[in-house]
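Participant: Mind looking over this structure? Questions follow.
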Amino acid sequence: MSPILVKTLQFFLSLSILIVLHELGHFIPAKLFKTRVEKFYLFFDVKFSLFKKKIGETEYGIGWLPLGGYVKISGMIDESMDTEAMKEEPKEWEFRSKPAWQRLIIMLGGVTVNFVLAVIIFIGLVFAYGEEFIPADSLKDGILVNDKTLGDKLGIQTGDNILAVDGNPIESLQYTLPEIVYGETMTIKRDGKTFDQPIPVDFIETLSDNRDNAKNLISFRRPFVVAEVSEDSPNMGVDFKKNDKVLSINGKTATYLDQAAAILEDYKGQQVNIAVQRESGAVDTLLADVSAEAKLGVALAGNSIAELASMGSFEVETKRYTLLESIPAGWNKGVKTLTDYIKGMKKIFNPDTGAYKEVGGFAAIGGMFPKTWDWPVFWGTTAFISIILAFMNILPIPALDGGHVMFLLYEMVSGRKPSDKFLEYAQMTGFFILIALLLYANGNDLYKYLFK
């Protein structure tokens, strides 16, 4: 099965789950408050539907336009723009006849379900798989910066220890870059000195322009430990042994691969003296040839994170949770995900950051899923998208849940209900805003595909 097809299937499965549960968040309180629900649809049924069946007073169906879903609640001005019924006298089973607090609960149901669903998924993931991570403070000789140009732009370099972002300690190497992306200042330890380094306001734009190198900008430094001499190596006759730890090349420290690579560049086509530490602890010096490509022709030991960690340059920790412990862990993960997303949205609304260029549509969301079917990654991505849907839907834009909530709060505070005509115009305005945002986001996807 092709990677694109796998991503597409995961995208539609995730989207379908989230839409159905979001709409259930509206449907259930509506039914509890004896409000009639005329339709419950996955995707939009413009002109026709792929499937429909009426059960009781509600028509359940699947539309052909996968831009979302909806429940049509009687006596409510919504995306259907069916205003004819609003000209009649209110019925007791209509949305408009219910107390404001009940209408508020109905409208908040969708985003509440989205957030709760994300928390439940996170709880399940940490309970089932735990959390494996590299503690940032375990990096004995700092981080590896894989792209010097990007590193210089950010103000970091190989060997740095990034201690905190905006005063919040960095706990995991894997989350260092995401924390930096959302932050303003990082605390760095370099050559024994600690200082604060401002994060460039346009760093998100810089990452966007260099997306091929951005993902792995920060990683751990790989110890230079020999596994074997390759068959086509110029050093087949040299006495390299399995698990030899390289200490230096021509007297220059080369305990890490990044150090050795920089040194070998200066000795292409020449011979060098390499000091290695044997498994016994003895130190020997070997005379080796450097190829024209600045290689020694040796395979490196360590095919997994655990094996590399055993070499002593960093640690790997796995947190395991009981069911009770996984509940607060999942909740905290949900809150942090939402908080980080809000930080990201703030940057989008600041033109100086260039973050608006990273706004993506369906292709960007689909690209978040892995190329092979991986259930933990699928559910983790689904939880993240659920958080996004919760936040986006609560924005105070007419036609979104947040728009309805905004008008309901106004009614509850002022004691005056906005007129149906006003709500109709507001709904239309919100609809055009959403279409514009949709076109912009998916246009961004198309631009990146064609030109980046």
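Participant: Take ALA100 and tell me if it is more than 19 Å from GLY334 (Cβ to Cβ) and over 18 Å from the mean Cα position of the chain (by Cα). I'd like the intermediate steps shown before the answer.
Facilitator: Details: more than 19 Å from GLY334 (Cβ to Cβ): yes; over 18 Å from the mean Cα position of the chain (by Cα): yes.
So ALA100 passes the test.
Participant: Here is a list: GLY237, GLY159, GLY151. Which entry is part of a loop (DSSP other than H, G, I, E, B) and over 30 Å from LYS319 (Cα atoms)? Please lay out each step first, then the result.
Facilitator: Details: GLY159 fails: over 30 Å from LYS319 (Cα atoms); GLY151 fails: part of a loop (DSSP other than H, G, I, E, B).
None of the others qualify; the one that does is GLY237.
Participant: Please go through segment 14-60 and give me each residue that is open to solvent by 60 Å² or more (accessible area, probe 1.4 Å), in contact (Cβ under 8 Å) with a residue 12 or more places away in the chain and assigned to a helix (DSSP H, G or I), ordered by number. First the steps, then the outcome.
Facilitator: From segment 14-60, those open to solvent by 60 Å² or more (accessible area, probe 1.4 Å) are 28, 31-32, 34, 36, 38, 46-48, 50-57, 60; that's our starting set.
Checking the rest, the ones that are also in contact (Cβ under 8 Å) with a residue 12 or more places away in the chain come to 28, 34, 36, 38, 46, 48, 50, 57, 60.
Once the filter is applied, which keeps residues that are open to solvent by 60 Å² or more (accessible area, probe 1.4 Å), in contact (Cβ under 8 Å) with a residue 12 or more places away in the chain and assigned to a helix (DSSP H, G or I), segment 14-60 yields only ILE28.
Participant: I would also like to ask the following. Got a sec? Which of LYS215, LYS189, LYS193 is charged (D, E, K, R), over 21 Å from SER304 (Cα atoms) and either out of contact with any Asp or Glu (no Cβ under 9 Å at 6 or more places or on another chain) or without any contact (Cβ under 8 Å) to a residue 24 or more places away in the chain (or both)?
Facilitator: Values: LYS215 fails: over 21 Å from SER304 (Cα atoms); LYS189 fails: either out of contact with any Asp or Glu (no Cβ under 9 Å at 6 or more places or on another chain) or without any contact (Cβ under 8 Å) to a residue 24 or more places away in the chain (or both).
The match here is LYS193.
Participant: Being small (Gly, Ala, Ser) and in contact with a helix residue (DSSP H, G or I) (Cβ under 8 Å, 6 or more places away or on another chain) is the filter; apply it to segment 416-452 and report the residue that is nearest to GLY75 (Cα to Cα).
Facilitator: ALA426
Participant: Scan segment 327-352 for residues that are outside any helix (DSSP H, G or I) and either open to solvent by less than 30 Å² (accessible area, probe 1.4 Å) or touching a residue at least 12 places away in the same chain (Cβ under 8 Å) (or both) and report the count. Before you say what the answer is, go through the steps one by one.
Facilitator: Of the residues in segment 327-352, the ones outside any helix (DSSP H, G or I) are 349-350.
Pick out the ones that are also either open to solvent by less than 30 Å² (accessible area, probe 1.4 Å) or touching a residue at least 12 places away in the same chain (Cβ under 8 Å) (or both) and you get 350.
The number of residues fulfilling the criteria is 1.
Participant: Here is a further query. For the structure I just gave you, tell me whether LEU108 is under 30 Å from ASP374 (Cβ atoms) and part of a helix (DSSP H, G or I). Explain how you work it out, then say what you get.
Facilitator: Values: under 30 Å from ASP374 (Cβ atoms): no; part of a helix (DSSP H, G or I): yes.
Answer is no for this residue.
Participant: Among residues belonging to segment 164-180 that are in a helix (DSSP H, G or I) and open to solvent by 30 Å² or more (accessible area, probe 1.4 Å), point out the one that is farthest from MET345 (Cα to Cα). I'd like the intermediate steps shown before the answer.
Facilitator: From segment 164-180, those in a helix (DSSP H, G or I) are 173-180; that's our starting set.
Filter again for open to solvent by 30 Å² or more (accessible area, probe 1.4 Å), leaving 174-175, 178-179.
Working: GLN174: 22, TYR175: 18, PRO178: 14, GLU179: 14 Å.
Among them, the one singled out is GLN174.
Participant: Of the residues that make up segment 64-75, is at least one open to solvent by 50 Å² or more (accessible area, probe 1.4 Å), touching a residue at least 60 places away in the same chain (Cβ under 8 Å) and either touching a helix residue (DSSP H, G or I) at 6+ places or on another chain (Cβ under 9 Å) or in a helix (DSSP H, G or I) (or both)? First the steps, then the outcome.
Facilitator: If we filter segment 64-75 for residues that are open to solvent by 50 Å² or more (accessible area, probe 1.4 Å), which is where we start, we get 64, 67.
Next, from what is left, pick out any that are touching a residue at least 60 places away in the same chain (Cβ under 8 Å): 67.
When the remaining residues are screened for being either touching a helix residue (DSSP H, G or I) at 6+ places or on another chain (Cβ under 9 Å) or in a helix (DSSP H, G or I) (or both), the result is 67.
Among the residues of segment 64-75, at least one is open to solvent by 50 Å² or more (accessible area, probe 1.4 Å), touching a residue at least 60 places away in the same chain (Cβ under 8 Å) and either touching a helix residue (DSSP H, G or I) at 6+ places or on another chain (Cβ under 9 Å) or in a helix (DSSP H, G or I) (or both), which makes the answer yes.
Participant: Let me ask another. Would you pick out the residues in segment 262-271 that are open to solvent by less than 50 Å² (accessible area, probe 1.4 Å) and in contact (Cβ under 8 Å) with a residue 24 or more places away in the chain? So that I can check it myself, show each step before the final result.
Facilitator: If we filter segment 262-271 for residues that are open to solvent by less than 50 Å² (accessible area, probe 1.4 Å), which is where we start, we get 263-264, 267.
Hits for segment 262-271 are LEU264, TYR267.
Participant: To continue, here is another question. What is the number of the single condition among (1) out of contact with any Gly (no Cβ under 8 Å at 6 or more places or on another chain); (2) exposed (fewer than 15 other Cβ atoms within 10 Å of the Cβ); (3) within 30 Å of GLN277 (Cα to Cα); (4) modelled with pLDDT of 85 or more that VAL201 does not meet?
Facilitator: (3)
Participant: Given (1) crowded, with 19+ Cβ neighbours inside 10 Å; (2) free of Cβ contacts under 8 Å to residues at least 60 places away in the same chain; (3) farther than 30 Å from LEU177 by Cβ; (4) not hydrophobic (A, V, I, L, M, F, W, C), identify the lone condition not met by ASP284.
Facilitator: Exception for ASP284: condition (1).
Participant: Looking at (1) surrounded by fewer than 16 Cβ atoms within 10 Å (Cβ to Cβ); (2) on the phi > 0 side of the Ramachandran plot, which is the one condition that is false for GLY297?
Facilitator: Of everything listed in (1) surrounded by fewer than 16 Cβ atoms within 10 Å (Cβ to Cβ); (2) on the phi > 0 side of the Ramachandran plot, GLY297 misses just condition (1).
Participant: In the set ILE105, ILE120, which member is on the phi < 0 side of the Ramachandran plot, open to solvent by 20 Å² or more (accessible area, probe 1.4 Å), over 27 Å from the mean Cα position of the chain (by Cα) and touching a residue at least 12 places away in the same chain (Cβ under 8 Å)? Give the derivation first.
Facilitator: Values: ILE120 fails: over 27 Å from the mean Cα position of the chain (by Cα).
None of the others qualify; the one that does is ILE105.
Participant: Any chance you could count how many residues in segment 125-148 are over 18 Å from the mean Cα position of the chain (by Cα) and in a helix (DSSP H, G or I)?
Facilitator: Let us first name the residues in segment 125-148 that are over 18 Å from the mean Cα position of the chain (by Cα), namely 127-130, 134-148.
Pick out the ones that are also in a helix (DSSP H, G or I) and you get 127-129, 136-138, 148.
Of the residues in segment 125-148, 7 are over 18 Å from the mean Cα position of the chain (by Cα) and in a helix (DSSP H, G or I).
Participant: If you go through segment 407-421 one residue at a time, do you hit one that is in a helix (DSSP H, G or I), out of contact with any strand residue (DSSP E or B) (no Cβ under 6 Å at 6 or more places or on another chain), open to solvent by 50 Å² or more (accessible area, probe 1.4 Å) and modelled with pLDDT under 90?
Facilitator: Pass one, segment 407-421, residues in a helix (DSSP H, G or I): 407-414, 420-421.
Narrowing the set further to residues that are out of contact with any strand residue (DSSP E or B) (no Cβ under 6 Å at 6 or more places or on another chain) leaves 407-414, 420-421.
Next, only the ones that are open to solvent by 50 Å² or more (accessible area, probe 1.4 Å) stay: 409-410, 412-413, 420-421.
Within this subset, residues satisfying the condition of being modelled with pLDDT under 90 are 420-421.
For segment 407-421, residues in a helix (DSSP H, G or I), out of contact with any strand residue (DSSP E or B) (no Cβ under 6 Å at 6 or more places or on another chain), open to solvent by 50 Å² or more (accessible area, probe 1.4 Å) and modelled with pLDDT under 90: present.
The values are calculated or read from the model by the stated rules, or taken from the named source; none is laboratory data. Keep in mind the model is a prediction, meaning the values are calculated, not measured. So basically every Cβ, Gly included, is an ideal-geometry build from the backbone, and we count neighbours across all protein chains shown. These accessible areas exclude ligands, DNA and RNA; they are computed on the full protein's heavy atoms, side chains included. Shrake-Rupley method; radii C 1.70, N 1.55, O 1.52, S 1.80 Å.
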